[in-house]
Structures are given as C-alpha cells and as structure tokens.
Amino acid sequence: MLCPFCLAEDRFKRERTRTSLSYSCPNCNEPLPALYVQQYRQYPPVVISAVGFRQHGKTVYFAALFYALKKLGLPQYWSTFFTMALNEDSLATVYDNVGLLESGELPLSTPKNFPRPTMLRLEDIPFFRHVDYTLLCYDTGGESFERPTQLVQYAGFVRRARSVMFLISLSDLQDPAEEMHRLLNTYVVGMGELGGAARDQHLVVVYTKGDRLPLRLPQWGERWPDLGEYLRDGSMESLARPRGYLRRMHRVSERLREFTQEELGAYEFLNMTGQSFRSVAFSMVSSLGAEPEEGRMPVQIAPRRVLDPLLWTIERSQPRWWG
Ligand SMILES: Nc1nc2c(ncn2[C@@H]2O[C@H](COP(=O)(O)OP(=O)(O)OP(=O)(O)O)[C@@H](O)[C@H]2O)c(=O)[nH]1
Ligand SMILES: [Mg+2]
Ligand SMILES: [Zn+2]
C-alpha cells in the first residue's frame, strides 16, 4: 500500500487499543487516516501531481478544482456523486482554498518543500463506472521544477503518479517551445534520478490561464475558434452527458496538439514527449475565468474546464490504460 506522506510502498502498522484503532506507516511513522487504509482497494489512490514553473497557476488550479467539485452543483448532474476529505489537513485545505477564491483572494506563492497531499475521495463519477478513487493532490513551489536535483528533493511524488500533469502558462513564457522543452527535459532527468521512468507514465499537458490566450495570441480567435469556444462554454451542464463530454475532450486534445505544433512550433517538445511517455494528452483551463486586478479577483471566479485534466488523469489511471 502506498503511504501518502513518504510515498513508500509498504504494509501499514495497525494498533488497537480498547478505545481506538490506528494505522501508521512503518517507514515515516505518520499516522494514516483509518478510512484510507481500510478501504484501500475500494478507493485506490490516484496521485495528482502538478508540475510547472513558478507562477504558472498550479495552486490556483487545485483551488479552482476543489471549488468546482464543491460549489458548481455537480451533484445536480451526477446524481449520486459526492466528495469527502480524508483527514483534518485535507478538509482544511479544501475549505480554506475554496473560501479564499470565493472572497476574491489568491493564494500566496507555494514554498518549495516536500508537500503533504490533499486527500480527497471522489464517489460515483459517472464517467468511470467501476472504481472510485482517493485523490492524493501534491503541489509544491515551481522552483522544484527548475533543476533535476531540486525535483528529486522536493517533488519525489511524481514518481508515484501514473499520469502526470504539466501546467504551462503560455502567456508567461518568452519562448514557449524552448521553455516547454526545458521543463520536459528537467522532468525526465529528475525521474531517472528518482529511479522511475517517465516511459511508464501518461502525460497530460495543461495550458493554464486560458482566458489570457486571446490577448497573447492575436491569431487565436481566427485560427483556433473551436478552442476558444470550448473554453468559453465550459459550463457544468455538459458534464451531465459523460460519453459526449469525453468524446469532445479527446477532440480538443487533438486540436491542442496541432496548436502546439503549428502555433508554438514546439516540435522538439512533441517529439520528446512522444518518446518519453506512454501517452500524451492536451487540455486547457482557465481556473479563474478572468484576469485578476492588483492581486485580487474583481468579479466572482468562473472556472473553465478545470475538470478536464482530472478526467484525463483518472482515465489514464484506469486498469485498461495501465494494465
Ligand atoms: N488570468 C488568469 N490568471 C491566473 C489564472 N490562474 C492563476 N493566475 C495568476 O497566476 C498567479 C500565480 O498562480 P499560482 O497558482 O499561485 O501559481 P503557482 O504555479 O502555484 O506558483 P508557485 O507556487 O510560485 O510555484 C495567480 O496569483 C494569478 O494572478 C487564470 O486562470 N487566469
Ligand atoms: Mg503554488
Ligand atoms: Zn510513510
């Protein structure tokens, strides 16, 4: 079983007293949530790891994802769906982040350290019938992805991910093709040092801050109107029809691949991802829905397509993709 805190695979220690039953990891001695251990097979862990440079939108993405899962009326469309945080830390992280966004504030830059995961159980997502999951969400400072040695030290969680997310904000890059390739190169070398192999993983490339793309790329509206439209009408209703939703999400991924080649000219990145991972998918989100002003949101946030990277990750963590 996978320890969410030190990521060792081991059998957990079990201690029963007259009044309690507790579990801990023999490797790091951290206490583990009882439900995590007792229902490990029923809710297997899926590691969600955000890889990306400083200020590219990792923390805001997680906050917007929690916001979308809790505040946008999903149970209205998914009739038996609910989420459950597995420990006190996770409960606090979810509610604090949702509260922050609701009040128009934005999270501070994340320190570079080995993060504790937010453990969130997802029950009855209609897209994936047979298994429910415990998400283990890891978010560390973007500096950790500047050099392989830093990645090894602060982001070792990536090794346990079946599917890894690269969060890339195109409007924050001078030369997207070159810098995306640098991120990838750093990642692949770091994974090697960690004793893992990217070859065993799926990659989900997530273009963040999608609301900014029309400004950054004047040709966006003219050449990629379908992508702009996909982002704009990213309301929750369409999630009521899982099959249609996934089909469209796959089509958008193909279009974003074309965009990456034709618009960004990121040939080296594309060739190397093709070689380095089991599969590569593309998605695009706007966590806030609009540009902040002076470090605050002047309007209520309107997350767009923030579930897509999660759906990709879960799809690629399914036995069919994995086995
Ligand atoms: N316009 C727009 N800006 C965004 C969006 N998401 C994030 N930002 C901006 O990007 C800033 C950085 O986002 P974070 O999520 O904190 O970035 P990070 O990747 O966690 O950064 P580090 O923790 O420093 O590695 C935010 O403070 C916002 O100003 C978005 O969807 N749209
Ligand atoms: Mg951060
Ligand atoms: Zn441990």
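Results, tabulated for the structure shown:
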read-out	value
Check on G52, touching a residue at least 40 places away in the same chain (Cβ under 8 Å) and away from ligand 3 (no atom under 15 Å from the Cβ)	yes
Only one of V46, V60 that is under 30 Å from P242 (Cβ atoms), of a type in the set (A, V, I, L, M) and at pLDDT below 95	V46
Selection within the stretch 106-115 - in contact (Cβ under 8 Å) with a residue 40 or more places away in the chain and loosely packed, with under 15 Cβ neighbours inside 10 Å	S109, N113
Residue ranges of helices (runs of 4 or more DSSP H) in the stretch 1-100 with at least 3 members within 16 Å of ligand 1 (Cβ to nearest atom)	58-71
Filter result (more than 16 Å from ligand 2 (Cβ to nearest atom) and closer than 14 Å to M84 by Cβ) within the stretch 108-135	M119, L120, R121, L122, E123, D124, I125, D132, Y133, T134, L135
Pairs where the first residue, in the stretch 155-184, is away from ligand 2 (no atom under 16 Å from the Cβ) and the second is among the hydroxyl-bearing types (S, T, Y), C-beta under 7 Å, 6+ apart	A161/S49; R162/S317; S163/T313; S163/S317; V164/S49; L170/Y207; L184/T273
Verdict on R251 being in contact (Cβ under 8 Å) with a residue 24 or more places away in the chain, in a helix (DSSP H, G or I), in the same structural domain as L135 (by TED's automatic domain parsing) and of a type in the set (K, R)	no
Filtered residue count, the stretch 189-222, keeping only those that are in a helix (DSSP H, G or I), out of contact with any Asp or Glu (no Cβ under 7 Å at 6 or more places or on another chain) and surrounded by fewer than 20 Cβ atoms within 10 Å (Cβ to Cβ)	11
Test: residue in the stretch 138-161 that is of a type in the set (K, R) and within 17 Å of the chain's Cα centre (by Cα)	yes
The stretch 23-38 - residue that is loosely packed, with under 15 Cβ neighbours inside 10 Å and farther than 17 Å from R116 by Cβ and, of those, nearest to ligand 3 (Cβ to nearest atom)	P26
T134 in a strand (DSSP E or B) and of a type in the set (S, T, Y)	yes
Residue among V189, V206 that is within 16 Å of ligand 2 (Cβ to nearest atom), assigned by TED's automatic domain parsing to the domain that holds H250 and not charged (D, E, K, R)	V206
Lone unmet requirement of (1) within 16 Å of ligand 3 (Cβ to nearest atom); (2) of a type outside the set (G, A, S); (3) surrounded by 20 or more Cβ atoms within 10 Å (Cβ to Cβ) for D89	(3)
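Okay, residues lined up against (1) within 22 Å of T59 (Cα to Cα); (2) crowded, with 21+ Cβ neighbours inside 10 Å; (3) assigned by TED's automatic domain parsing to the domain that holds V204:
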site	(1), (2), (3)
S235	yes, no, yes
E258	no, no, yes
Y267	no, no, yes
Q275	no, no, yes
R278	no, no, yes
A281	yes, yes, yes
V285	yes, yes, yes
E293	yes, no, yes
L307	yes, yes, yes
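The values are calculated or read from the model by the stated rules, or taken from the named source; none is laboratory data. The model shown is predicted, which means the values in this text are computed figures rather than measured ones. Because the Cβ atoms are built from the backbone with ideal geometry, glycine has one as well, and the counts that use them run over all protein chains shown.
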